[in-house]
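Derivation of every value follows stated rules applied to the coordinates shown; laboratory data play no part. Quick caveat: nothing in here was measured; it's all calculated off a predicted structure. As a convention, Cβ positions derive from the backbone with ideal geometry for all residues, glycine included, and neighbour counts pool all protein chains shown.
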Amino acid sequence: MKKRISTNTCVRVDRDGEQILRCKEQIGRIDQSLSLMAQVLALTGNPVRLKIVYLLQSETKLCVCDLSEILEMKIPAVSQHLRKLKDAGLVFSERNGTVIYYQISSQLKSTLDTILHLIEEPVLV
């Protein structure tokens, strides 16, 4: 990978070159993680896909028919959302006879746990 040399220069007198270098190195170390997180957030930024991920995370596995009934959506619409999640590697499918179940990808489980942990369930009084 070719390193790009910045033509931007800071005109501040008190520019902290060490800080800039440290931050560039830090970003370089976590660049792939940031890209993955951005992709996950982009996909789960859609309310339907976020609901699907939430349900799959809490129930372990569900079929498209279950999700269709729960979300009160037509099966083709749910299937389209599942396809996007599957193409990105967030979910995978497993056939059991004639039924295809969807599950959260194991390598993204902890990332999704972190995101879904931010969802607050209403307190029942």
**Asked** To the nearest 20 debye, what is the magnitude of the charge dipole of the chain about its Cα centre, counting +1 on the Cβ of each Lys and Arg and -1 on the Cβ of each Asp and Glu?
**Response** 720
**Request:** Name the residue, out of 78, 13, 91, whose mean-square fluctuation peaks in a Gaussian network model built on the chain with Cα pairs under 10 Å.
**Result:** 13
**Message:** Connecting C-alpha atoms closer than 10 Å in a GNM of the chain, tell me which of 17, 89, 28 has the biggest fluctuation.
**Reply:** 17
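Work out which trypsin sites (Lys or Arg not before Pro) in the chain are exposed loop sites (DSSP not H, G, I, E or B, at most 14 other Cβ within 10 Å) and give the longest gap free of them.
Values: sites that count: 2, 3, 4, 12, 15, 74.
Of all site-free stretches, the longest is 16-73.
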**aspartates and glutamates with Cα under 13 Å of residue 74, excluding same-chain neighbours fewer than 8 positions away** = 66
**Item:** Net lengthening on full extension, residue 98/residue 74 (0.36 nm per residue, minus Cα-Cα)
**Value:** 6.7 nm
**Prompt:** Taking amide hydrogens as modeled 1.01 Å from N in the peptide plane, which residues meet the under 5 Å criterion relative to residue 62, leaving out close sequence neighbours?
**Reply:** 102
**Fill in**
Out of 67, 78, 115 - ranked by how far each Cα lies towards the positive end of the dipole of region 26-125, with unit charges on the beta-carbon of charged residues - the top one is 78
**Message:** With angles folded into 0 to 90 degrees, how steeply does helix 75-87 sit against the dominant principal axis of the chain? Use alpha carbons for both and round to 10.
**Reply:** 40
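Loop by DSSP (not H, G, I, E, B), at most 15 other beta-carbon atoms within 10 Å: where is the longest site-free stretch of the chain for GluC sites (Glu not before Pro)?
With a cap of 15 other Cβ atoms within 10 Å, the longest stretch comes to 1-71.
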**Extension gain from residue 37 to residue 66, taking 0.36 nm per residue of separation minus the Cα-Cα distance** = 7.7 nm
**Request:** Enter the per residue convex hull volume of region 38-116, computed from alpha-carbon coordinates, in Å³ rounded to the nearest integer.
**Result:** 83
**Message:** Give me the one-decimal nm value for the distance between modelled label points at residue 24 and residue 54, 7 Å along each residue's Cα-to-Cβ direction.
**Reply:** 4.2
